[in-house]
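The values are calculated or read from the model by the stated rules, or taken from the named source; none is laboratory data. These figures come from a predicted structure and were not determined experimentally. Because the Cβ atoms are built from the backbone with ideal geometry, glycine has one as well, and the counts that use them run over all protein chains shown. Keep in mind that these areas ignore ligands, DNA and RNA; they rest on the heavy atoms of the full protein, side chains included. Shrake-Rupley method; radii C 1.70, N 1.55, O 1.52, S 1.80 Å.
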Amino acid sequence: MKKYIPILKRTQMFAGVTQEEIASMLSCLGARLKSYKKGEYVLRQGEHLSDIVVLVEGNLHIQKDDYWGNRSILGQIAVGEMFGEAYVAPESGALLNDVVAVEDSTVIFFDVKRIITTCPTACRFHAVVVQNMFFAISEKNRRLVQKLGHMSKRTTREKLISYLSEQAKKQNSASFTIPFNRQQLADFLSVDRSAMSNELCKMRDEGLLEFDKNRFKLK
């Protein structure tokens with residue numbers, strides 16, 4: 001687990017905490033390392049969660065399948081991001097979605113009770129982690145509002161323009177890479193893949209953008 005400490009140092013959860021302090025906290029926070037193969041479920045809908053999960057290697061999707069197998073991708077978890085903080089309150093209930101590894105991935109589980117309960121030594125860096133969690137939750141809520149903004153658009157083109165514009169601003173460039181393939185992007189925007197692909201081709205022919213797989217350039 002120690003080899004992932006430099007990655008934890010770059011996460012929002014451990015911002016302002018040194019690598020030496022993180023190393024001393026791993027046992028205190030009940031850290032547990034687990035690896036998953038591509039396609040394996042990290043968490044399943046209906047489970048009750050008592051940990052906060054931090055991804056240290058790979059890529060995860062938060063998704064939900066309906067009774068007929070139609071899939072919606074609600075979000076992506078990139079290296080350094082956490083998941084589960086919304087479900088660890090005593091009355092939060094079971095998980096509403098699945099978390100799936102879209103490539104070989106490694107996560108660290110942290111016992112939430114140990115995070116929010118100050119350790120006997122009342123160390124400074126423990127208080128910093130609690131503060132960082134609050135900021136991380138605020139950031140996640142902001143991204144949820146962004147997605148709702150994409151979803152509120154009426155047409156497939158409007159959803160694409162909203163999402164691609166947001167990615168260009170986020171990466172501060174008209175040329176950028178998105179974290180989804182075509183099917184995943186369609187699932188994320190809740191649109192038909194064929195209709196979305198046709199719309200992208202129309203936008204390309206109209207000179208609005210260029211694309212190659214998951215690489216885009218807005219014009």
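Side notes on the structure shown:
- Annotation for D104 and M151: the two label points, set 7 Å from Cα along the Cα-Cβ direction, are 3.4 nm apart.
- Greater than 27 Å apart at Cα, pairs in K34/K140; K38/K217; K147/K219: K38/K217
- Most positive-pole-ward Cα, G46, S175, I116, against dipole of the range 46-175 from beta carbon charges: S175
- Rolling a 1.4 Å probe across the protein heavy atoms gives the chain an accessible surface of 55 Å² per residue.
- Dipole of the range 59-154, positive end: most advanced residue of F135, H61, M82 [Cβ charges, Cα centre]: F135
- Theoretical FRET efficiency, 1/(1+(r/R0)^6), r = Cβ-Cβ of A94 and S173, R0 30 Å, to 0.05: 0.15
- Working note: 222 nm ellipticity from helices only, DSSP H runs with n ≥ 4, each -39,500 (n - 2.57), summed and divided by the residues of the chain, gives -12000 deg cm²/dmol to the nearest 500.
- Between the range 157-176 and the range 39-53, the Cα center-to-center distance that results, in Å: 31
- Mean Cα-pair separation over length for the range 38-109, i.e. relative contact order, pairs under 8 Å, 6 or more apart, %: 52
- Cα-projected label distance for D65 with R44, points at 7 Å along beta-carbon direction, nm: 1.1
- Couplings 3J(HN,Hα) of the range 28-39, computed from phi: 4, 8, x, 5, 9, 9, 8, 10, 9, 7, 3, x Hz, in residue order, whole Hz [Karplus 6.51 cos²θ - 1.76 cosθ + 1.60, θ = phi - 60°; x for Gly and Pro].
- Cα gyration tensor of the range 34-124 - equivalent ellipsoid semi-axes, whole Å, descending: 26, 17, 9
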